[in-house]
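The values are calculated or read from the model by the stated rules, or taken from the named source; none is laboratory data. Only a predicted model underlies this, so the values are computations on that prediction, with no experimental measurement involved. A quick note on method: Cβ atoms are made from the backbone with ideal geometry, for glycine too, and the neighbour counts reach across all protein chains shown.
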Amino acid sequence: MKVAVLGGTGRMGRVIAKQLSRKNEIAIGSRDAARAREAAKGIGGSEGMDYPGAAKWAEGVVFAIPYPAMKEAARTAGDLAGKLVISAVNPMKVEGGMFRHSMEEGSAAEELARMLPGARVATAFNNVSSLFFEREAVAPLDILIATDGRKTFDEVAGLVKSIPNLRPLYAGPLSEARTVEMITPLVLNLSKLNGTKSLSTRFVSPGEAAR
Ligand SMILES: NC(=O)c1ccc[n+]([C@@H]2O[C@H](COP(=O)([O-])OP(=O)(O)OC[C@H]3O[C@@H](n4cnc5c(N)ncnc54)[C@H](OP(=O)(O)O)[C@@H]3O)[C@@H](O)[C@H]2O)c1
């Protein structure tokens, strides 16, 4: 698939783009095309573009953008009707020393879907730290995907599986994106409170646990 990673110059975007480049064509998207081209040099065969250029070129668009900048990035990207859109965006705040989801209700992914009519929007990759993707071989992890319809899930799952060791798990329709996004503050709090580095999501069934 031709995948544009908006925010592909950032911590998460850069490593997701690199991992996806094993099996997909990649465009790094940046507000600054020159910065995008510079970042693309680190990923063989990829190109660097501004947001509208990358979004137009792509079949699938990953948003790896800080939540406060997400709406502006979506506006700049332009018409994404008919395209697959994956939000890795986590709206977060720190309150009383604890990470929390920062929206009163709903999710970043649903907000994105409202802004992008005709796009097939999913949330995915939210709960895994970029540190896992920096390694050449990613650890066995579960990637939770919320989206409307199994067909779109299958498309996202295909992308997830293009990165060895990742298991896509269906978390339900896009209305469940809030639940998926809320796991991120949970794992950050768990890491902080228990002195472990960057915990992430891996679910086990009894059979697997017994092995
Ligand atoms: N870091 C992680 O481990 C991780 C894991 C899972 C999910 N996420 C999610 O991924 C998103 C990006 O996180 P990140 O840690 O990669 O952030 P980051 O390192 O700060 O990178 C974000 C990128 O977004 C772009 N951007 C566009 N508008 C921006 C603005 N107004 N201000 C700042 N940057 C802007 C920037 O690219 P240009 O300046 O080139 O346009 C920047 O490279 C967040 O929603 C986060 O919750 C992160």
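Tabulated results
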item	result
Some residue of the range 175-187 being surrounded by fewer than 15 Cβ atoms within 10 Å (Cβ to Cβ) and not β-branched (Val, Ile, Thr)	yes
Test: residue in the range 31-50 that is within 20 Å of Ala108 (Cα to Cα) and touching a helix residue (DSSP H, G or I) at 6+ places or on another chain (Cβ under 6 Å)	no
Restricting the range 12-67 to residues that are under 22 Å from Pro91 (Cα atoms) and charged (D, E, K, R), the residue that is surrounded by the fewest Cβ atoms within 10 Å (Cβ to Cβ)	Arg31
Among (1) within 11 Å of the ligand (Cβ to nearest atom); (2) within 18 Å of the chain's Cα centre (by Cα) - the single one Ala55 does not satisfy	(1)
Residue pairs meeting the criteria (Cβ under 6 Å; at least 6 apart or on separate chains; first closer than 19 Å to Lys2 by Cα and modelled with pLDDT of 95 or more, in the range 144-173; second assigned to a strand (DSSP E or B) and among the charged types (D, E, K, R))	Thr152/Arg120
Some residue of the range 76-97 being part of a helix (DSSP H, G or I), free of Cβ contacts under 8 Å to residues at least 12 places away in the same chain and over 14 Å from Val121 (Cα atoms)	no
Residue list for the range 68-91, restricted to those being surrounded by fewer than 19 Cβ atoms within 10 Å (Cβ to Cβ) and of a type outside the set (D, E, K, R)	Pro68, Ala69, Thr76, Gly78, Ala81, Gly82
Selection status of Asp154, of a type in the set (D, E, K, R) and in contact with a Lys or Arg (Cβ under 6 Å, 6 or more places away or on another chain)	no
Test: residue in the range 2-22 that is closer than 19 Å to Gly78 by Cβ, in contact (Cβ under 8 Å) with a residue 12 or more places away in the chain, out of contact with any Lys or Arg (no Cβ under 9 Å at 6 or more places or on another chain) and more than 8 Å from the ligand (Cβ to nearest atom)	yes
Any chance Gly82 is more than 11 Å from the ligand (Cβ to nearest atom), at pLDDT below 95 and within 23 Å of Val160 (Cα to Cα)	no
Condition check for Arg120: away from the ligand (no atom under 16 Å from the Cβ) and touching a helix residue (DSSP H, G or I) at 6+ places or on another chain (Cβ under 9 Å)	yes
So Glu134, is it among the charged types (D, E, K, R), surrounded by fewer than 17 Cβ atoms within 10 Å (Cβ to Cβ), away from the ligand (no atom under 13 Å from the Cβ) and in contact (Cβ under 8 Å) with a residue 40 or more places away in the chain	no
